[in-house]
Each structure stands twice: as structure tokens, then as C-alpha cells.
1. Spot the failing condition for VAL45; the list is (1) among the β-branched types (Val, Ile, Thr); (2) surrounded by 14 or more Cβ atoms within 10 Å (Cβ to Cβ); (3) closer than 27 Å to ALA137 by Cα, and only one is missed.
2. How many residues does segment 28-48 hold that are part of a loop (DSSP other than H, G, I, E, B) and of a type in the set (Phe, Trp, Tyr)?
3. Suppose the filter is assigned to a helix (DSSP H, G or I) and modelled with pLDDT under 95; does LEU108 pass it?
4. Considering only segment 103-110, I want to know if a residue exists there that is of a type outside the set (Phe, Trp, Tyr), surrounded by 14 or more Cβ atoms within 10 Å (Cβ to Cβ) and under 22 Å from MET15 (Cβ atoms).
5. Within segment 10-38, restricting attention to residues that are in contact with a Phe, Trp or Tyr (Cβ under 9 Å, 6 or more places away or on another chain) and surrounded by 15 or more Cβ atoms within 10 Å (Cβ to Cβ), which residue is farthest from ALA119 (Cα to Cα)?
6. Would you point out which residue out of LEU51, LEU95, LEU83, LEU88 is assigned to a helix (DSSP H, G or I), closer than 24 Å to ASP2 by Cα and touching a helix residue (DSSP H, G or I) at 6+ places or on another chain (Cβ under 7 Å)?
7. Report yes if ASP100 is acidic (Asp, Glu) and assigned to a helix (DSSP H, G or I), otherwise no.
8. Is it the case that some residue within segment 54-64 is without any contact (Cβ under 8 Å) to a residue 12 or more places away in the chain, within 19 Å of VAL115 (Cα to Cα), in a helix (DSSP H, G or I) and within 14 Å of the chain's Cα centre (by Cα)?
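The values are calculated or read from the model by the stated rules, or taken from the named source; none is laboratory data. All values reported here derive from a predicted model rather than from experimental measurement. Methodologically, a virtual Cβ is constructed for each residue, glycine included, from the backbone with ideal geometry; neighbour enumeration extends over all protein chains shown.
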Amino acid sequence: MDEAAGAVTFVWLGMVLAISFLEAPLKFRAPGVTIQVGLGIGRLVFRVLNLVESVLAAAVVVLVALGDAPARVTVWTVAPVVLLAGQLALVRPRLNRRSDRVLAGEELPRSRGHVVYIAFEIAKVLALVGLGVTLLAR
């Protein structure tokens, strides 16, 4: 079970790295992409990413639970799951409300909510690396 949980963990990690740290910032640098178009694309991409992350998180939890994991694996498993839940429950709703306003044509100053989301993403990446390494070391 550790190998399967490790594989799922690293798929999850790869998705977060590719979307959050490559696609998200780069789309706004593409020619012709306005803030509204970028936000519309970003909302769709992150909605799907978060759905897939939720499925992967559930899979990791089940695999770790079935594998008779030691406490350190359990702690590393809980960390990214809690961070994802925090993003979905606390940060994303605020960002969605803000992007609704921007998409409606309102001009707003830069958002600190994105900085909070990025901080969660960095913490989640570190937690996923910790979990993956811990699973491989067993």
C-alpha cells in the first residue's frame, strides 16, 4: 500500500506544481490574455484541480489507512489534506467572490488573498514532499 500511496502522492504533487506554479502565472503573460480572460480560465482550471486533488487526497487517506501506517506517515498524510481543506473552505470562496467582482467589470487593487492561497500551496507542496519521502523510506 505504501508504494501506491507514494505514487498517488507524487501525482498530486506534480499536478499542484504544474498548475499552481507554472500554468497560473504564465497564462497572464500570454499575448492577448486580459485579466478577465485569465481569471475565467483560472477559475475553471483551479475548480477542476481542486476536484482532482480531493479525489487524490481521499485515495491517499484510504491507502495509508489500509497499510497499517506508523504515526509519522499518518501525520504527513493529514497535513496536505488539512491544507487542501483550508484552501477549499477558507481561501477559495473569498477568491471566487473577488473574481466575480472583477469579471463583472469592477476594478480592484491587487489581492492579498492570492498570497494566502500561494502560502497554502507552498505548505501543501512541502507536506506532499514530506509524505512522499516518508512513504518511500518505509
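1. Exception for VAL45: condition (3).
2. Residues meeting the conditions: 1.
3. So LEU108 fails the test.
4. no
5. Of everything passing the filter in segment 10-38, GLY38 is farthest from ALA119 (Cα to Cα).
6. Numbers: LEU51 fails: touching a helix residue (DSSP H, G or I) at 6+ places or on another chain (Cβ under 7 Å); LEU95 fails: closer than 24 Å to ASP2 by Cα; LEU88 fails: closer than 24 Å to ASP2 by Cα.
Residue meeting the stated conditions: LEU83.
7. So ASP100 passes the test.
8. Taking every residue of segment 54-64 in turn, none turns out to be without any contact (Cβ under 8 Å) to a residue 12 or more places away in the chain, within 19 Å of VAL115 (Cα to Cα), in a helix (DSSP H, G or I) and within 14 Å of the chain's Cα centre (by Cα).
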